[in-house]
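The values are calculated or read from the model by the stated rules, or taken from the named source; none is laboratory data. None of the values given here were measured: they were computed from a predicted structure. Neighbour counts run over all protein chains shown; Cβ positions are idealised from the backbone, glycine included. Please note that ligands, DNA and RNA were not included when accessible areas were found on the heavy atoms of the full protein model with its side chains. Shrake-Rupley method; radii C 1.70, N 1.55, O 1.52, S 1.80 Å.
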Amino acid sequence: MTATVDWAPVKKSYESCRVLDIDKLMLGEGEILVVAGANGAGKSTLIRLLALVESADEGSGEYKLFGEPVNEGNRLALRRRLAVVWQEPYMFRRSVYENIAMGLKWRKLPDGVIAKRVKAVADLLEIEDLSQRAEKLSRGWAQRVALARALALEPDLILLDEPLSALDRQIRARLLAGLKPLLSANGRSTVYVTHSATEAAGLGTRRLLLAQGRRA
Amino acid sequence: MELWEITWLTLKVSASAVMVSILLGLPAGTGLALGRFRGRRFLMALANAGMGLPPVVVGLTVAIMLWRTGPLGGLALLYTPAAMVIAQVVIALPIVTGLTAAAVQSLDQRIRLESLALGASTGQLVFTLWREAKLGLLAAAMAGFGGAISEVGAVLMVGGNIKGQTRVLTTAIVMETRMGHFNAAIALSALLLALVFFVNLVLTYLQQGRRP
């Protein structure tokens, strides 16, 4: 079985300050890796590197994603097989529907397929008003839309950076229960960053605890 | 009849100059805002300084370039509307470039991350940035149009204010004033103001969308 993520070692510095230094990172198909750690532990940096929106330091090993070594030629194609929910997601100045559909349009999917997928994820995440302006949403609702936007892509790897942190405990527990089966469905792999020990306990098949950029 | 011709030529020359400035300035400004290359800050300073280019200097430079013995003399463009478009482009391009760079640079940094993570190609990312910066970019277009249509020194030097060929509202106003025809100059000024207002009205409606 091909590992979804195979990367050893992973190093990242900003202005000669090392923020991430992990000996080895492996994630198999269908696995959920829960990444925990205090603020500044390097969790969000790890998500940015895994999402191919930032490059690791030269001293890092080769990043193999879905079994393919990442290079400039396949970066976009590999990026289109993953999805990310950032801790502070950005809502584009358009409707909630358009926000959820954006990545699908960029992949040039037919309108009928897009409409079906948007409806399915909106129902799952209890998003009713798809016509409202997304940039006016509260942080909690923005997180729901961001989650819907990521799930609609039906990615092989989903990277979640504290995706439910702005929601109150009850809603978070309810959404998480509905979400859990989706995170490992059809061989999908997930990296889930969280502060909450309860969330971590209920989710992960594997754990990575970070402290000051290193495995704790 | 002549008034209609002058007004139409004014609009045609300035609209062409702004279109060319947008076609060149939008990618240039975006490149300056997003690029990480040596000399970027110098080019940015050049664009910003270009926003205050004295029109007579622009007129003189373009005239020398297009003069029969100049480097572009073979094109025989001097004293044609094309020469006036070139002069107005030199004036409007730094405005559009500088304001585009400022608009794109002031966008939320998360737009780039979010777009890339959603699978945007480079082209899709750039179009998304432009759409998010719509307010600033339309302001750049309005400022560019304002700079071009209100310009008189450069178009007079390279166009020559030839009746039926290169006479536009600004050069006609100067001519009527020199001849002491103040009523005609005032009427032409009112027409120019109305034209500027109408074009900006359309652009402002595009900029503000459905907001009341």
(message) Over the Cα atoms, compute the radius of gyration (one decimal) and Dmax (the largest Cα-Cα distance, rounded to a whole number) for chain A, in Å.
(response) 16.9, 49
(request) Between A:Arg215 and B:Arg110, take the C-beta separation as r, use R0 = 25 Å, and let me know the FRET efficiency to the nearest 0.05. (result) 0.35
(request) Take the Cα radius of gyration of the range B:59-109 and divide it by 2.2 N^0.38 Å, with N its residue count; two decimals is plenty. (result) 1.59
(request) With r as the distance between the Cβ atoms of B:Phe37 and A:Glu29 and R0 = 35 Å, compute the FRET efficiency 1/(1 + (r/R0)^6) and round to 0.05. (result) 0.30
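Count, for each residue of A:105-112, the Cβ atoms from other chains sitting within 10 Å of its Cβ, then give me the mean as a whole number.
Counting Cβ atoms of other protein chains within 10 Å of each residue's Cβ and averaging gives 2.
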(message) Below 13 angstrom from the Cβ of A:Ala36, what's the summed charge of the other residues (Lys, Arg +1; Asp, Glu -1)?
(response) +1
(request) Divide the volume of the convex hull of the Cα atoms of the protein assembly as shown by its number of residues and quote the answer in cubic angstrom per residue. (result) 185 Å³
(message) Across the range B:150-209, what fraction of all alpha-carbon pairs, as a whole percent, falls in each successive 10 Å bin from zero upward?
(response) 22, 42, 24, 11, 1
(message) I'd like the distance separating the alpha-carbon centroids of the range A:103-144 and the range B:13-57, in whole Å.
(response) 38 Å
(request) Take the alpha carbon atoms of the range B:2-168, find their radius of gyration, then divide it by 2.2 N^0.38 Å using N residues; give the quotient. (result) 1.17
(message) Testing the spin-label approximation: label points 7 Å from Cα along Cα→Cβ at B:Leu23 and A:Leu109. State their distance in nm.
(response) 3.7 nm
(message) Which one, A:Thr45, A:Thr198, A:Thr190, has the greatest fluctuation when you compute a Gaussian network model over chain A with C-alpha springs under 10 angstrom?
(response) A:Thr198
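Relative to the compact globular guide of 2.2 N^0.38 Å, what is the alpha carbon radius of gyration of the range B:53-138, as a ratio? Walk me through the numbers on the way to the answer.
Working: Rg = 19.1 Å, N = 86, 2.2 N^0.38 = 12.0 Å.
Rounded to two decimals, the normalised Rg is 1.60.
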(request) With springs connecting C-alpha atoms under 10 Å apart, model chain A as a Gaussian network and identify which of A:Gly178, A:Gly59, A:Gly40 has the largest mean-square fluctuation. (result) A:Gly59
(message) Skipping prolines and chain starts, which residues have an amide H placed within reach, meaning under 5 Å, of the one on A:Tyr192, given they are 5 or more residues away or on another chain?
(response) A:Leu33, A:Val34, A:Val35, A:Leu160
(request) Using label points projected 7 Å from each Cα along Cα→Cβ, tell me how many nm separate B:Ile64 and A:Ala173, to one decimal. (result) 7.9 nm
(request) Determine, at each q value in 0.24, 0.26, 0.28, 0.35 (inverse angstroms), the log₁₀ of I(q)/I(0) that the Debye formula gives when each Cα of the range B:42-81 is one equal point scatterer. (result) -0.76, -0.80, -0.84, -1.04
(request) Using a 10 Å cut-off on Cβ atoms, rank the peptides B:194-203, A:94-103 from the highest mean neighbour count down. (result) A:94-103, B:194-203
(message) I need the chymotrypsin sites (Phe, Trp or Tyr not before Pro) found in the range A:1-90, filtered to DSSP loop residues with at most 14 other beta carbons within 10 Å of theirs.
(response) none
(message) If each DSSP helix of 4+ residues adds -39,500 (n - 2.57) and the sum is divided by the residues in chain B, what number results at 222 nm, nearest 500 deg cm²/dmol?
(response) -25000 deg cm²/dmol
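Test of the criteria: in the range A:113-200, which GluC sites (Glu not before Pro) are in a DSSP loop and have at most 10 other Cβ atoms within 10 angstrom of their Cβ?
Qualifying residues, ordered by number: A:Glu128.
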(request) May I ask for the accessible area buried between chains B and A, both sides summed, probe 1.4 Å, to the nearest 100 Å²? (result) 1900 Å²
(request) Post the alpha-carbon centroid distance, the range B:156-194 to the range A:185-216, in whole angstrom. (result) 73 Å
(message) Let me confirm one metric for peptide A:47-60, namely the mean number of other chain beta-carbon atoms within 10 Å of its residues' beta-carbons.
(response) 1
(message) Running a GNM on chain A with Cα contacts under 10 Å, which residue among A:Lys108, A:Lys119, A:Lys136 ends up with the highest mean-square fluctuation?
(response) A:Lys108
(request) Take the eigenvalues of the Cα gyration tensor for the range A:112-216, scale each by 5, and report the square roots as semi-axes in whole Å, largest first. (result) 25, 17, 12
(message) To check my understanding: the extent here is largest minus smallest coordinate of the Cα atoms along each principal axis. What are those three numbers for the range A:1-103, in Å, largest first?
(response) 42, 34, 27
(message) If I model a spin label as a point 7 Å beyond the Cα along the Cα-Cβ vector, how far apart are those points for A:Arg94 and A:Tyr14 in nm?
(response) 3.0 nm
(request) Please give the per residue accessible area of the range B:2-168, computed with a probe of 1.4 Å over protein heavy atoms only, in Å². (result) 47 Å²
(message) Only protein chains counted, 1.4 angstrom probe. Which residues of the range A:67-95 are at least 40 Å² less accessible in the assembly than when their chain is isolated?
(response) A:Arg79, A:Trp86, A:Tyr90, A:Phe92, A:Arg93, A:Arg94
(request) Please state the charge dipole magnitude for the range B:2-168, taken about the Cα centre, from unit charges on C-beta atoms (+1 on K and R, -1 on D and E), reported in debye and rounded to the nearest 20. (result) 400 debye
